[in-house]
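Engineer: Pasting a structure here, questions to come.
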Amino acid sequence: MNHAVIRKLILTALAESGGYAVPEKALLIAFNISFRPPLDAPAFKDHLSWLLDRHLIDYLKDDLSEDDRKFLITEKGQAALKRF
Amino acid sequence: MPRKPRADAKLRSLPPERKDTLRQWLVDENISYEEVVKRMGELWNLKSSVGAVSDFFAKECFSLRFREASKLAEDLSATLKESPQVFDEATNKAISQKAFELAVAKDANVGELVQLAKIIGDTARLKLKAQEVELDLRRISILEKREAQAEAAETVARNPALTPQEREQKIKEVFGIQ
């Protein structure tokens, strides 16, 4: 699966989440349940970084736990998803 | 050079009602990809392949997982909003977010459920504490008012310039009796 498709799928998942922040781990697990070949965590982080660098997604940290980052799609990400 | 269309492109461009039917076959009825290809050919005169259906299913399942988790969290949020006296907006948001995460996670565990219960429990306890404090304040306010009335009544009772009728009238006024 090429990089553009993976990034589009990440944006799609965040767009479908209706404003709720998606934990990084849950996002990766959901991705690997649906698609082959599975992605490892570092490769997945690279895609997230690519999207973050372009302000297509954003993240927040959980105040209640030491869990991983939780991602949200930005307005720019929503617009980019429509253009894909 | 134009890009080759993806295998599932034809399925993704189906009208919404046909996409819904396709989702229903794949997700609700859990029928095989081969059977889906056969049904589409028979019912819609649409040629497809197992690979295309597989791609469509993967993307649909992936999206569906997040869409359904979001719906669950929204439903919970709406329920909580029906009792605004119990949960403030921030707590409602925190609970809905946690519910979303539990719904979206493959391996939701007891620890996470406990965390959700703790948020709810903490809020309920805070609410009860606030009610207790409010009751205490009201008790103090009533006691202070009674004390002031007693002092005023005593002053009236000890006033030698008043006739018994005037005294009775003033004391009634102090206690708000008509």
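Values quoted throughout were computed directly from the atomic coordinates according to the rules given, and no laboratory measurement underlies them. Given the structure is predicted, the values throughout are model-derived calculations rather than measurements. As a convention, Cβ positions derive from the backbone with ideal geometry for all residues, glycine included, and neighbour counts pool all protein chains shown.
Engineer: Just for the Cα atoms in the protein assembly as shown, what are the lengths along the principal axes, largest first, rounded to whole Å?
Structural biologist: Answer, in whole Å and largest first: 112, 43, 36 Å.
Engineer: With only alpha-carbon atoms counted, please give the Rg and Dmax of chain A, in Å.
Structural biologist: Just the Cα atoms of chain A yield Rg and Dmax of 12.1, 36 Å.
Engineer: Another question, if that's okay. At a Förster radius of 41 Å, what calculated FRET efficiency corresponds to the Cβ-Cβ distance of B:Glu147 and B:Ile120, to the nearest 0.05? Don't jump to the answer; show the numbers that get you there.
Structural biologist: Numbers: r = 41 Å, r/R0 = 1.00.
Once rounded, the FRET efficiency stands at 0.50.
Engineer: Taking the Cα centre of the protein assembly as shown as the origin, how large is its charge dipole in debye, to the nearest 20, when only Lys and Arg (+1) and Asp and Glu (-1) carry charge on their Cβ atoms?
Structural biologist: In debye, rounded to 20, the protein assembly as shown gives about 1240.
Engineer: I would also like to ask the following. Quick one: what are the phi-derived ³J(HN,Hα) couplings along region B:90-96, Karplus 6.51/-1.76/1.60 with θ = phi - 60°, whole Hz, x for glycine and proline?
Structural biologist: Once θ is set to phi - 60°, the couplings for region B:90-96 become 5, 5, 4, 5, 5, 5, 4 Hz.
Engineer: Which FRET efficiency value, to the nearest 0.05, is calculated for B:Ile177 and B:Ala130 with the Förster distance at 41 angstrom and r the Cβ-Cβ distance?
Structural biologist: Efficiency computed from Cβ-Cβ geometry: 0.75.
Engineer: Take chain A, connect every pair of alpha-carbon atoms lying under 10 Å apart with a spring to form a Gaussian network, then pick out the residue of A:Ala43, A:Ala13, A:Ala21 with the largest mean-square fluctuation.
Structural biologist: A:Ala43
Engineer: Using 0.36 nm per residue of separation minus the Cα-Cα distance, give me the extension gain between B:Leu46 and B:Glu154 in nm, one decimal. Don't skip to the end; give the middle numbers.
Structural biologist: On the way: separation 108, 0.36 × 108 = 38.88 nm, distance 9.79 nm.
Taking 0.36 nm per residue and subtracting the Cα distance, the gain is 29.1 nm.
Engineer: Related question: Karplus couplings for region A:39-51 from phi (6.51 cos²θ - 1.76 cosθ + 1.60, θ = phi - 60°), rounded to Hz, Gly and Pro as x?
Structural biologist: The phi angles translate into 9, 8, 4, x, 5, 5, 4, 4, 5, 5, 4, 4, 5 Hz.
Engineer: B:Glu29 versus B:Ile140, label points 7 Å from Cα toward the beta carbon: distance in nm?
Structural biologist: Distance between label points: 6.9 nm.
Engineer: Something else: Add +1 for every Lys or Arg and -1 for every Asp or Glu among the other residues with Cβ under 9 Å from the Cβ of B:Val53, and state the total.
Structural biologist: On the way: positive: none; negative: B:Asp8, B:Glu34, B:Asp55.
The answer is -3.
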